[in-house]
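Notes follow the structure.
The values are calculated or read from the model by the stated rules, or taken from the named source; none is laboratory data. All of these numbers come straight from a predicted model, not from anything done at the bench. Glycine also receives a Cβ, built like all others from the backbone with ideal geometry; neighbour counts cover every protein chain displayed. For accessibility, only protein heavy atoms count, side chains too; no ligands or nucleic acids. Shrake-Rupley method; radii C 1.70, N 1.55, O 1.52, S 1.80 Å.
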Amino acid sequence: MFMQYALSLAEKGWGNTEINPLVGAVVAKNNRIIGQGFHRKLGEAHAEVCALTEAGDQAHGATLYVNLEPCCCAGRTPPCVEAILRAQIKRVVIGIIDPNPEVNGNGIQFLKKHNIDVTSDVLADQAQQLNKWYEKYITKKIPYIIVKIALSKDKKISGFQGKYITSEQSQRFVHSLRSRVSAVLIGINTLLEDNPYLTDRLVGRHNPTRIVIDPHLKISLESHFLRRDSRRVIITHRNSDSKKISELESLGAEFIFLEGRYYLLSVLMRKLGTLNIASILVEGGGKIFSQFLGENLYDELYLVIAQKKVNKGKKFDIDDTLLKDVTPDKIGEDLLYHVYRHH
């Protein structure tokens with residue numbers, strides 16, 4: 001029960017912890033919660049410290065529940081294991097071991113060495129699911145990649161008469177995905193055709209970094225992409241218009257430069273990882289989707305199929321084997337397929 005509550009607290013950090021994991025913590029004594037907290041933002045106090053601070057002197061002899069192994073290395077904040085030791089916690093209950101190579105069991109060993117009882121693997125599946133994106137990023141330094149594709153009933157990816165073809169519920173779902181990831185990525189054709197905002201306007205948690213693959217620097221200086229409400233990254237060739245690059249930099253845009261005529265998505269993802277981008281939602285268009293799916297360069301795929309047909313537009317052929325044995329959910333009027341690549 002206490003670990004389940006710690007997990008629910010951890011979820012409150014969605015969108016704000018950046019490269020840090022989602023962590024919630026509960027201090028309990030005599031079967032009663034005396035302190036609780038979650039990691040709110042990168043650079044701020046970790047969940048354990050928040051919970052221990054709220055518990056105060058009552059933490060002496062209590063049990064701490066936390067969904068991820070407490071850190072034992074100094075980063076932007078001091079090690080949590082030392083705060084646990086100072087608070088004289090008697091027992092620590094952990095969801096999963098921290099996959100960070102600098103921790104990875106060392107926090108547990110520190111606690112045991114100082115005679116603190118440790119119980120681990122409590123609701124481990126839920127704890128791992130919550131921070132699956134963090135596990136990939138912290139071990140491989142590559143962002144966790146989610147591809148989201150919306151199609152009409154006749155499998156068209158463009159040519160919609162109105163702004164949206166999917167239901168309001170589907171749109172809210174997409175905004176909730178944006179609110180959880182570090183960045184959203186599109187190709188230049190999507191930017192030029194749709195001029196999207198790529199913001200979280202329906203959930204209101206946070207606006208992710210916006211990324212556009214724009215090899216020939218066709219982006220308009222008036223595009224919504226360049227609004228200053230979030231970080232913006234443009235991927236273009238090094239020999240693109242230097243004057244335009246300077247203008248875009250004056251608007252706060254960052255650049256990743258392509259060295260040759262062609263580019264590899266795998267190389268781009270590693271470069272994005274160096275910019276502290278831990279997770280990416282790929283939102284379009286057809287060429288970009290084909291590249292990510294063709295190179296198996298994704299971790300999750302969300303396919304939304306609307307129940308409307310369009311007269312014009314470009315068809316997108318999705319590999320039917322991807323959807324084999326996947327039962328779609330109903331989301332508003334639409335069908336939602338959710339696929340994990342490793343399945």
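Overview of values
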{"quantity": "Cα-Cα over 23 Å, subset of Lys90/Lys113; Lys112/Lys132; Lys148/Lys315; Lys287/Lys314", "calculated": "Lys112/Lys132"}
{"quantity": "Dipole axis of the stretch 75-178 (+1 Lys, Arg; -1 Asp, Glu on Cβ), positive-most option in Ala127, Val92, His114", "calculated": "Ala127"}
{"quantity": "The stretch 87-193, relative contact order [Cα under 8 Å, separation at least 6], %", "calculated": "20 percent"}
{"quantity": "Nearest-10 value in Å² for the accessible area of Lys153, using the 1.4 Å probe", "calculated": "100 Å²"}
{"quantity": "Choice from Ala51, Ala124, Ala74 with maximal GNM fluctuation in the chain (Cα, 10 Å cutoff)", "calculated": "Ala74"}
{"quantity": "Accessible surface ranking that places the most exposed of Tyr164, Tyr5, Tyr65 first, with a 1.4 angstrom probe", "calculated": "Tyr164, Tyr5, Tyr65"}
{"quantity": "DSSP-assigned coil residues among trypsin sites (Lys or Arg not before Pro) in the stretch 242-307, each with at most 12 further Cβ atoms within 10 Å", "calculated": "Arg261"}
{"quantity": "Two-site FRET efficiency, Glu135 against Glu193, from Cβ-Cβ distance with R₀ of 35 Å, rounded to 0.05", "calculated": "0.45"}
{"quantity": "For the stretch 137-277: relative contact order, % (alpha-carbon pairs under 8 angstrom, 6 or more apart)", "calculated": "22 percent"}
{"quantity": "The stretch 17-76 and the stretch 265-286: distance between their alpha carbon centers, rounded to Å", "calculated": "31 Å"}
{"quantity": "Accessible surface of the stretch 132-248 [probe 1.4 Å, protein heavy atoms]: carbon and sulfur percent", "calculated": "46 percent"}
{"quantity": "Charge-dipole axis of the stretch 247-343 as Lys and Arg at +1 and Asp and Glu at -1 on Cβ define it, positive-most pick from His338, Met269, Leu251", "calculated": "His338"}
{"quantity": "All aspartates and glutamates inside 20 Å of Lys41 as judged from Cα atoms, apart from same-chain residues fewer than 8 positions distant", "calculated": "Glu11, Glu18, Glu54, Glu69, Asp98, Glu135, Asp200, Asp229"}
{"quantity": "Net dipole in debye of the chain [+1 Lys, Arg Cβ; -1 Asp, Glu Cβ; about Cα centre; nearest 20]", "calculated": "580 debye"}
{"quantity": "Per residue accessible area in Å² of the chain, where ligands, DNA and RNA are left out and the probe is 1.4 Å", "calculated": "49 Å²"}
{"quantity": "In Å², nearest 10: area of Arg341 left accessible to a 1.4 Å probe", "calculated": "100 Å²"}
{"quantity": "Solvent exposure, largest accessible area first (probe 1.4 Å, DNA, RNA and ligands not counted), of Thr17, Thr327", "calculated": "Thr327, Thr17"}
{"quantity": "GluC sites (Glu not before Pro), loop per DSSP, at most 13 other Cβ atoms within 10 Å - longest free stretch of the chain", "calculated": "103-221"}
{"quantity": "Rounded accessible area of Phe173 (nearest 10 Å², 1.4 Å probe)", "calculated": "40 Å²"}
{"quantity": "For the chain: relative contact order, % (alpha-carbon pairs under 8 angstrom, 6 or more apart)", "calculated": "17 percent"}
